Amino acid sequence: MTTTSITVTGMTCQHCVNAVTEEVGALDGVTGVTVDLATGRVDVESAAPVPADALAAAVDEAGYEIAPS
């Protein structure tokens, strides 16, 4: 099991959390998504590491961006 953490910008409410959770959770191999609205932190649990471009595309599809690290 692998956990990948990213920070997502632009989330302001529970709807935002739900949108990110749904899109990221639909990626192949993802088994769990935890979103902290206050910090923007998103922890993604998966069987194998999720490619950064796939995470970025899922977050973009939800209408948000990954903060630069």
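Cβ separations smaller than 6 Å between residues 6+ apart or across chains give the following pairs from the range 55-69 residues that are without any contact (Cβ under 8 Å) to a residue 40 or more places away in the chain and surrounded by 14 or more Cβ atoms within 10 Å (Cβ to Cβ) to residues that are of a type in the set (A, V, I, L, M, F, W, C) and assigned to a loop (DSSP other than H, G, I, E, B): Ala58/Leu27. Does Ala57 satisfy the condition of being small (Gly, Ala, Ser) and assigned to a helix (DSSP H, G or I)? For Ala57, the condition - small (Gly, Ala, Ser) and assigned to a helix (DSSP H, G or I) - is met.
All conditions in (1) outside any helix (DSSP H, G or I); (2) within 8 Å of the chain's Cα centre (by Cα) hold for Pro49, with the sole exception of (2). Considering only residues in the range 5-39 that are part of a strand (DSSP E or B) and over 9 Å from the mean Cα position of the chain (by Cα), the one that is nearest to Asp60 (Cα to Cα) turns out to be Thr9. A single entry from Val24, Val44 fulfils the requirement of being touching a Gly at 6+ places or on another chain (Cβ under 9 Å) and at pLDDT 95 or above: Val44. Cβ separations smaller than 6 Å between residues 6+ apart or across chains give the following pairs from the range 7-26 residues that are exposed (fewer than 14 other Cβ atoms within 10 Å of the Cβ) to residues that are of a type in the set (Ser, Thr, Tyr): Gly10/Tyr64.
The values are calculated or read from the model by the stated rules, or taken from the named source; none is laboratory data. All of these numbers come straight from a predicted model, not from anything done at the bench. Using ideal geometry, Cβ is built from the backbone for each residue, glycine included, and neighbour counts are taken over all protein chains shown.
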